[in-house]
1. Look through S19, S89 and report the one residue that is out of contact with any helix residue (DSSP H, G or I) (no Cβ under 8 Å at 6 or more places or on another chain) and in contact (Cβ under 8 Å) with a residue 60 or more places away in the chain.
2. Among (1) without any contact (Cβ under 8 Å) to a residue 12 or more places away in the chain; (2) closer than 27 Å to F165 by Cβ, where does D206 come up short?
3. Of the residues S217, S145, S173, only one is among the hydroxyl-bearing types (S, T, Y), modelled with pLDDT of 95 or more and open to solvent by 50 Å² or more (accessible area, probe 1.4 Å); which?
4. Check every one of the helices (runs of 4 or more DSSP H) wholly within the stretch 1-106 and list those with 1 or more residues that are under 24 Å from A220 (Cα atoms).
5. Quick check on T78: is it closer than 24 Å to E162 by Cα, open to solvent by less than 60 Å² (accessible area, probe 1.4 Å) and outside the structural domain of R242 (by the TED database)?
6. Got a number for residues in the stretch 42-82 being without any contact (Cβ under 8 Å) to a residue 24 or more places away in the chain and either basic (K, R) or touching a Ser or Thr at 6+ places or on another chain (Cβ under 6 Å) (or both)?
7. Please work out if Q135 is assigned to a helix (DSSP H, G or I), surrounded by fewer than 17 Cβ atoms within 10 Å (Cβ to Cβ) and at pLDDT 95 or above.
8. Please work out which one of (1) buried (at least 18 other Cβ atoms within 10 Å of the Cβ); (2) within 23 Å of D65 (Cβ to Cβ); (3) at pLDDT 95 or above is the condition V250 fails and give its number.
Amino acid sequence: MKGLGTDEDTILQLLTARSNSQRQEIKATYKTLFGKDLVDDLKGELGGKFETLIVGLMTPPLAYDVTLLRNAIKGAGTDEKVLVEVLASRTCQQVKDIVGAYRQEYDDDLEEDVSGDTSGHFKRLLVILLQANRQKGIQEGTVESDAQVLFQAGEKKFGTDEQTFVTILGNRSAEHLRKVFDAYMKLSGYEMEESIKRETSGPLRDLLLAVVKCARSVPAYFAETLYYAMKGAGTDDETLIRVMVSRSEVDMMDIRAEFRRMFPSSLQSSYLPII
């Protein structure tokens, strides 16, 4: 960064070749050596999407999630896509950590902020997810009854009892839900995703689908998210950056494998020359 111009290639190669914890050490050592904040200097030298990517890579994972949620609810309007993606895919412990870090960083309650920015059954399911109190393991005695209740609330009912979908999908464990989905398919002849698309709409549908897909496979959910971010005219760069930064040290290899399985191309060669 010193002197005229900026060597962006070196910045990219250096930071993408290090883990997030190593980047935090680099940031600390930079301040010790030069008395300046590395992220502030990077912001001053870079711009646009590249700046967004690099600053994201320089942010600790928990702080990154907290910032994503804050920006989603405190900016102009509400970015439901970010709320859905983060809260449907993180583990219960990660959600608890996010809630605590959000309060510490902003002196605000995340649940109150989310509730104030959303409404209806969409808000209720978000609030349930923020409680991070899913049941543990598989409740064998309630698999069939959960499937039956969901069937009665949707396909077999005139209209839809959204609250039933919200309560069951928001509170059961992923392992339990996978069993429920199998039982539901045998009972109704529909995959759970098909019924949700038929019975619900808008942000609630998106959130319910994300919860179901993450219960089946979080890497497959993100593989599909990346695919549709790049499909068609134009590219959803914000989603690309968000997923690549947040999953880079979590399950990116699994996401790549799922992408190859689900779509007719590999993620890295056909869509992203550099991962």
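The values are calculated or read from the model by the stated rules, or taken from the named source; none is laboratory data. Quantities reported herein were computed from a predicted structural model and do not represent experimental measurements. All Cβ positions, even for glycine, are placed from backbone atoms using ideal geometry, and neighbour counts span all protein chains on display. Remember, those area values only see protein heavy atoms, side chains included, never the ligands or the DNA or RNA. Shrake-Rupley method; radii C 1.70, N 1.55, O 1.52, S 1.80 Å.
1. After ruling out the rest, the residue left standing is S19.
2. (1)
3. S145
4. Ranges flagged: 8-16, 20-34, 48-57, 61-74, 80-89, 92-106.
5. yes
6. Total satisfying the criteria: 1.
7. no
8. Going through (1) buried (at least 18 other Cβ atoms within 10 Å of the Cβ); (2) within 23 Å of D65 (Cβ to Cβ); (3) at pLDDT 95 or above one by one, V250 breaks only (1).
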